[in-house]
Amino acid sequence: MKFDIEVNEQFLHVSFDSPVRMLSSAILNGGIQIADHFLNTKVDANFRGEKTNFEAPDLTLKKIADSEKWIGNCVGMMTAALMKSFRRVRLEEQGVWIEVFVTSGVSNARRAGDIADYQFMNEACDKVGTINILVLTNANLSDASLVECVMMIAEAKSACLQDLNVKSPVSNLIATGTGTDSTAIACGSGPDVQYCGKHVLFGEILAKATYKAVQDSLSVKM
């Protein structure tokens, strides 16, 4: 997998030399996609709902991709975090590398199980990511291991927040993330990886890289 990155005050952009298989919770083209580009863009925070007049987030992201003339399928996220929080960590073992990109903020930290801000099923809400994580690897991940990657990333992020003593303002308990986190994993065509749990090396280095990237990113403001 070969790629180029651009980071400025407005966004993080990753352009892949050839399309990659990506699983994400992204606003624009989320789910399982064949992606040519990844975008994480900065937007104004609206956690208290003061702003009520705004266009659909996926439309905003598509407009950015179109204005930049990026050709191909773009997977896009939003964040209220500053782009100066961007950090990247790369680890490699036995010919397999993992690189983690993070932008972060914890102004809307939450613990899983906290009382939700929106109390109706499928109620419209602002889905703006605060801890946004992109993981790239040259490994060829199975569908099952892609899902395991999401679990491992979430656990590593939560472990980092626990060690940093980040608390939810709702419950005053240790936060496990923010209310608007987003995650993406893109894999290559290198060595096959069937599993990504805590008992296997791939899961170990993914968790270590994720923890370090989140820790480094949050240190900008803490």
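The values are calculated or read from the model by the stated rules, or taken from the named source; none is laboratory data. Keep in mind the model is a prediction, meaning the values are calculated, not measured. All Cβ positions, glycine included, derive from the backbone under ideal geometry; neighbour counts span all protein chains shown.
Within the group LEU161, LEU134, LEU206, LEU141, which residue is in contact with a Phe, Trp or Tyr (Cβ under 6 Å, 6 or more places away or on another chain) and crowded, with 23+ Cβ neighbours inside 10 Å?
It is LEU134.
Take the residues in segment 6-31 that are over 18 Å from SER142 (Cα atoms), surrounded by fewer than 15 Cβ atoms within 10 Å (Cβ to Cβ) and in contact with a Leu (Cβ under 9 Å, 6 or more places away or on another chain), then tell me which one is modelled with the lowest pLDDT.
Residue satisfying both the conditions and the ranking: GLU9.
Filter segment 183-221 down to residues that are closer than 18 Å to ARG110 by Cβ and of a type in the set (A, V, I, L, M, F, W, C) and give me whichever is nearest to the chain's Cα centre (by Cα).
Per the stated criteria, the residue is VAL214.
For segment 164-182, give me each residue that is of a type in the set (Val, Ile, Thr) and buried (at least 19 other Cβ atoms within 10 Å of the Cβ).
Hits for segment 164-182 are VAL166, THR176, THR178, THR180.
Kindly evaluate ILE185 against the criterion of being among the hydrophobic types (A, V, I, L, M, F, W, C), closer than 26 Å to GLY95 by Cβ and not in a helix (DSSP H, G or I).
Against the criterion (among the hydrophobic types (A, V, I, L, M, F, W, C), closer than 26 Å to GLY95 by Cβ and not in a helix (DSSP H, G or I)), ILE185 qualifies.
Taking segment 143-182, which residues are under 15 Å from the mean Cα position of the chain (by Cα) and either basic (Lys, Arg) or part of a strand (DSSP E or B) (or both)?
LYS157, GLY177, THR178, SER182, listed by residue number.
Spot the failing condition for ALA154; the list is (1) of a type outside the set (Val, Ile, Thr); (2) more than 20 Å from GLY76 (Cα to Cα); (3) surrounded by fewer than 22 Cβ atoms within 10 Å (Cβ to Cβ); (4) out of contact with any Cys (no Cβ under 7 Å at 6 or more places or on another chain), and only one is missed.
(2)
Has segment 202-220 got any residue that is charged (D, E, K, R) and modelled with pLDDT under 95? Reasoning before the result, please.
As a first pass, look at segment 202-220 and keep what is charged (D, E, K, R): 204, 208, 212, 216.
When the remaining residues are screened for being modelled with pLDDT under 95, the result is none.
No, that holds for no residue.
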